[in-house]
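Structure, as structure tokens:
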There are 2 protein chains.
Amino acid sequence: MYDRMQTFTDGELTKIHDAALHILKTIGARFDDDEAIDIFKKAGLKVDGNIVRFTEKAIDQALASAPSKFVLSARNAEKSVVIGNESFGLAPGYGAAFIIDPEGHQRQATLSDYHAFCKLVHTSNVLNLNGFLMVMPSDVPSDIAYLDMLYANMVLCDKPFMGSPLSRTAARDCVNLAGILWGGKEDLPDTPVSASLITPLSPLQYTPEMAGSIIEFAGNNQACIFGALLMAGSSGPTSLAGILVQQSAEILAGVTLTQLVRAGAPVIIGGTSTIMDMRTGCLAMGAPEVARIGAATLQIAKFYNLPARTGCAVTDSWLPDAQAGIESALNLIIAIRNGSNFVLHAAGILGSYNAMSFEKFIIDEEVGNMALEYLKPIEITDQSIDLDLIKEVGVGGEYLTHPKTLEQCRSAFFMPYLANRNGYAGWQENGASRIEHRAAAILKDRLEAYEKPDIDPQIEKDLRKYIEKRKSE
Amino acid sequence: MYDRMQTFTDGELTKIHDAALHILKTIGARFDDDEAIDIFKKAGLKVDGNIVRFTEKAIDQALASAPSKFVLSARNAEKSVVIGNESFGLAPGYGAAFIIDPEGHQRQATLSDYHAFCKLVHTSNVLNLNGFLMVMPSDVPSDIAYLDMLYANMVLCDKPFMGSPLSRTAARDCVNLAGILWGGKEDLPDTPVSASLITPLSPLQYTPEMAGSIIEFAGNNQACIFGALLMAGSSGPTSLAGILVQQSAEILAGVTLTQLVRAGAPVIIGGTSTIMDMRTGCLAMGAPEVARIGAATLQIAKFYNLPARTGCAVTDSWLPDAQAGIESALNLIIAIRNGSNFVLHAAGILGSYNAMSFEKFIIDEEVGNMALEYLKPIEITDQSIDLDLIKEVGVGGEYLTHPKTLEQCRSAFFMPYLANRNGYAGWQENGASRIEHRAAAILKDRLEAYEKPDIDPQIEKDLRKYIEKRKSE
């Protein structure tokens, strides 16, 4: 194996870990939540106001009890996803306020857009996880929108989903709704049914919302995804080595809280730290630094033997042009081939996380399928080499009309549904289309053909009842 | 290091090699050139008509004498390029008949287009090799066009270039012109000054043009690039394992000829084998199989300890849309990070090799620069981690206004020249451009600012004289 990208030695990984430990021991991390502070105190850690100073022992214990691998259960059991080691999940974009059309026109997202993304995930042949907050609906009061999103997640799609870490209350509602979905909290599977994105407030802080969500999710054996999002030159140092150390410290602090709440609670660690573009002051998500930090973060996660979250089909472009294609594809393939276990923003995201594009969602799905194809090892056996065939065709022969070609050709190769493979004349005859216009046609068909997955009508009713009750409180 | 793509064991590589050997021993390979046949006969190999059957010893000797690394000399010595091991070259597209504009309109290429590509390569900050046949000029008789292309290569650009393997005569003219460029054939540097693309005619044949070019180039210590281009399901088996075996056999046959002509003559091995799209009958160059075969081929080349050629910014799209961006970027990054030493078609190519796009050339250059950035290891030292800075900023602090950020921010990060990093409002204010339109503006500036590199006027005159003489013969 030869790879010019993943080059950390064990010595370098240890150096990063030691530096992160040193930070956690000396300056510590801030948790703006009384219960979190109490938990740390009870564990014997030094607390100064809301600042917790960690010990190597506490960190080591947390790293030892967090599982290297777990199953994220789906209500359709066939769609449960293993997270960890060789197994991974792909989830859609997260956190966008806007929808962008193929020509780059922007509008505010609605709950109906959110529903459409749930339907696309349900029918996706490559995304195996539903998200949360794919878009922020502008037509629902923002303090209760999460209830509608969770309901859509559970009813419109039967894949494992992401939970609502917007506040401790939202996290609790997520767990309660999941309980109803499984026919009662006591019937929840032993493994988590949701994974929720916990983002530290860099440098080295957890807000009340995040700390509260950690306690609620970890306490109920739901997965926490630690997504460090440092911006080098702003919320983190300009040096990428410094970024790796600071984000490791932030993640280890959060992971320690999960394990103190419940030893063995599942976590996924990583993030999508990047740089601040010094000309525009903007978060640069298409920057090569995203994948460089991501590749390094994956090596750190493997060093800790924990499931890793890195990578995203993310770009700074505001429409699905070649820039969007290049940046998204590079970020995605690098994460997937390096061993990411949870790829958030794997489809649809544009404009440095600010917008979702339905057409780009369809395009990114094809990239995801290509990425899975790249991972297929080429089997080297006597049968697959088939020397007899090569001898039979011989020097200057042809394979096209050989019966084995006819027999194998339909299943042997990757078949794209979006990419043009026509010659120039054929492409012209078919309308000389751009990929985003072919994606628009597929999008329409997908949404029209969507069928809601079966669900027990009583459960659906109970979910709705819970939500209506919560909205009226 | 963890990588889901490059997974061959030594046992699998040996099995591929043994199967290729078996083919070369039993069915052999065809060389349609009398001198080549004589060379093989003199080396004691069994020859039957134009079919040569190889021995393990002959192959082993060739693999032992071909260098693992060599310098490709440029007339501007600072621009010489090391090919092999960790070092690599990037060359522009090759073999296209057409020019495509950003909207997908096609026209025949001219010599003036060829000149423009030479100028772009000369001024490129990422392509370190000039090509050959970037486009086929339609306004020059095809039998003598190579003379004009070689002249442009030598005069308009001072980087190492690719030679003309169109016939033995063309190869000889290339060597003669290189001799003039260096002030006399005896003044040619010890290392090659050109690298030429030798493509076997699959399955298992070398045409008179290719065999003759090998003899001429290897005999004059010029590099031969073996570029197998099997099409699975047509000129090769559908099984990718079979493809790897057949292309290895073809390459080993050609490499053996180079080493019999001149032991130690430099070679680069690999190719861009792919599949035939079963719906259109077209060569599918954006197919994931290209990079899968490429990744496997690189492992085989490393097994042989020879410089490798794989990868290309190639796509089946006919305009620089997201499909072009995705396919090109994926093929390029996979080749570069896996250790390719010679990446042909690194810029400008569209439409499965059939067309060049000036705007895509500029876009691919940015991808190439990103790829180089990805390869930069993150240095892990006390200084780069800088714990003092992290402590000083502390919990909840900010780095933006810290003197170290101001000091480092201008040089710390990758600066794109094409990618949009503006927010939505800024992007709108700047004209809401697509990347291909920003590329068009840069293209115009580059060509306007181009200055011909210095060359001894007598040498330039002598080159012209040689070419005019040859044209009149």
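Filtering B:Ser213, B:Ser248, B:Ser164 for residues that are among the hydroxyl-bearing types (Ser, Thr, Tyr), within 11 Å of chain A (Cβ to nearest Cβ) and in contact with a helix residue (DSSP H, G or I) (Cβ under 8 Å, 6 or more places away or on another chain) leaves a single hit, B:Ser248. Return a yes/no flag: does the stretch B:331-353 have any residue that is touching a residue at least 60 places away in the same chain (Cβ under 8 Å), of a type in the set (Val, Ile, Thr) and assigned to a strand (DSSP E or B). Yes, the stretch B:331-353 has at least one match. Within the stretch A:217-226, the set of residues being of a type outside the set (Val, Ile, Thr) and surrounded by 24 or more Cβ atoms within 10 Å (Cβ to Cβ) comprises A:Phe217, A:Ala218, A:Gln222, A:Ala223, A:Cys224, A:Phe226.
In the stretch B:136-154, what count of residues is obtained for those that are more than 19 Å from B:Met356 (Cα to Cα) and either under 23 Å from the mean Cα position of the chain (by Cα) or open to solvent by less than 60 Å² (accessible area, probe 1.4 Å) (or both)? I'd like the intermediate steps shown before the answer.
Keep residues of the stretch B:136-154 that are more than 19 Å from B:Met356 (Cα to Cα), which gives B:141, B:143-144, B:147, B:151, B:154.
Those left that are additionally either under 23 Å from the mean Cα position of the chain (by Cα) or open to solvent by less than 60 Å² (accessible area, probe 1.4 Å) (or both): B:144, B:147, B:151, B:154.
Count: 4.
Condition (residue is of a type outside the set (Lys, Arg), within 13 Å of another protein chain (Cβ to nearest Cβ), open to solvent by 20 Å² or more (accessible area, probe 1.4 Å) and at positive phi) applied to the stretch A:78-93: is it met by at least one residue? Among the residues of the stretch A:78-93, at least one is of a type outside the set (Lys, Arg), within 13 Å of another protein chain (Cβ to nearest Cβ), open to solvent by 20 Å² or more (accessible area, probe 1.4 Å) and at positive phi, which makes the answer yes. Condition check for B:Glu12 on (1) free of Cβ contacts under 8 Å to residues at least 24 places away in the same chain; (2) surrounded by fewer than 20 Cβ atoms within 10 Å (Cβ to Cβ); (3) within 11 Å of chain A (Cβ to nearest Cβ): one failure, at (2). Residues satisfying the criterion are absent from the stretch A:94-103 (criterion: farther than 29 Å from A:Met285 by Cβ and either within 14 Å of another protein chain (Cβ to nearest Cβ) or surrounded by fewer than 20 Cβ atoms within 10 Å (Cβ to Cβ) (or both)). Can you name the residue in the stretch A:270-289 that is open to solvent by less than 10 Å² (accessible area, probe 1.4 Å) and hydrophobic (A, V, I, L, M, F, W, C) and, of all such residues, is farthest from the other protein chains (Cβ to nearest Cβ)? The residue in question is A:Met285. Look at (1) surrounded by 14 or more Cβ atoms within 10 Å (Cβ to Cβ); (2) away from chain A (no Cβ under 14 Å) and you find that B:Lys25 fails only one, number (2). Pairs, please: C-beta under 8 Å, at least 6 apart or cross-chain, first residue surrounded by fewer than 24 Cβ atoms within 10 Å (Cβ to Cβ) and in the stretch A:303-323, second assigned to a strand (DSSP E or B)? Note: pairs meeting the criteria are A:Tyr304/A:Ile269.
Taking (1) within 25 Å of A:Gly396 (Cα to Cα); (2) within 11 Å of chain A (Cβ to nearest Cβ); (3) buried (at least 16 other Cβ atoms within 10 Å of the Cβ); (4) without any contact (Cβ under 8 Å) to a residue 40 or more places away in the chain in turn, B:Ile37 satisfies each apart from (2).
Taking the stretch B:254-268 as the region of interest, how many residues are farther than 13 Å from B:Thr191 by Cα and surrounded by fewer than 24 Cβ atoms within 10 Å (Cβ to Cβ)?
Our first condition is that a residue be farther than 13 Å from B:Thr191 by Cα; within the stretch B:254-268, this holds for B:254-263, B:268.
Subsequent filtering for residues that are surrounded by fewer than 24 Cβ atoms within 10 Å (Cβ to Cβ) retains B:259-263.
Adding up the residues that qualify gives 5.
Scanning the stretch B:336-366 for residues that are within 10 Å of chain A (Cβ to nearest Cβ), open to solvent by 10 Å² or more (accessible area, probe 1.4 Å) and of a type outside the set (D, E, K, R) turns up B:Ser352, B:Asn354. Could you tell me whether B:Ser328 is in contact (Cβ under 8 Å) with a residue 24 or more places away in the chain, within 18 Å of B:Ala96 (Cα to Cα), open to solvent by less than 10 Å² (accessible area, probe 1.4 Å) and not in a loop (DSSP other than H, G, I, E, B)? Spelling it out, B:Ser328 is indeed in contact (Cβ under 8 Å) with a residue 24 or more places away in the chain, within 18 Å of B:Ala96 (Cα to Cα), open to solvent by less than 10 Å² (accessible area, probe 1.4 Å) and not in a loop (DSSP other than H, G, I, E, B).
Residues checked against (1) within 11 Å of another protein chain (Cβ to nearest Cβ); (2) open to solvent by 50 Å² or more (accessible area, probe 1.4 Å); (3) closer than 16 Å to B:Asp277 by Cβ; (4) touching a residue at least 12 places away in the same chain (Cβ under 8 Å):
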{"site": "A:Val393", "(1), (2), (3), (4)": "yes, no, no, no"}
{"site": "A:Leu400", "(1), (2), (3), (4)": "yes, yes, yes, no"}
{"site": "A:Cys409", "(1), (2), (3), (4)": "yes, no, yes, no"}
{"site": "A:Tyr424", "(1), (2), (3), (4)": "yes, no, yes, no"}
{"site": "A:Ala439", "(1), (2), (3), (4)": "yes, no, no, yes"}
{"site": "A:Ile442", "(1), (2), (3), (4)": "no, no, no, yes"}
{"site": "A:Asp445", "(1), (2), (3), (4)": "no, yes, no, no"}
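Of all residues in the stretch B:169-215, those being in a helix (DSSP H, G or I), in contact (Cβ under 8 Å) with a residue 12 or more places away in the chain and open to solvent by less than 20 Å² (accessible area, probe 1.4 Å) number 13.
The values are calculated or read from the model by the stated rules, or taken from the named source; none is laboratory data. On a predicted model such as this, the values are computed, not experimentally measured, just so you know. Using ideal geometry, Cβ is built from the backbone for each residue, glycine included, and neighbour counts are taken over all protein chains shown. Accessible surface areas use protein heavy atoms only, side chains included; no ligands, DNA or RNA. Shrake-Rupley method; radii C 1.70, N 1.55, O 1.52, S 1.80 Å.
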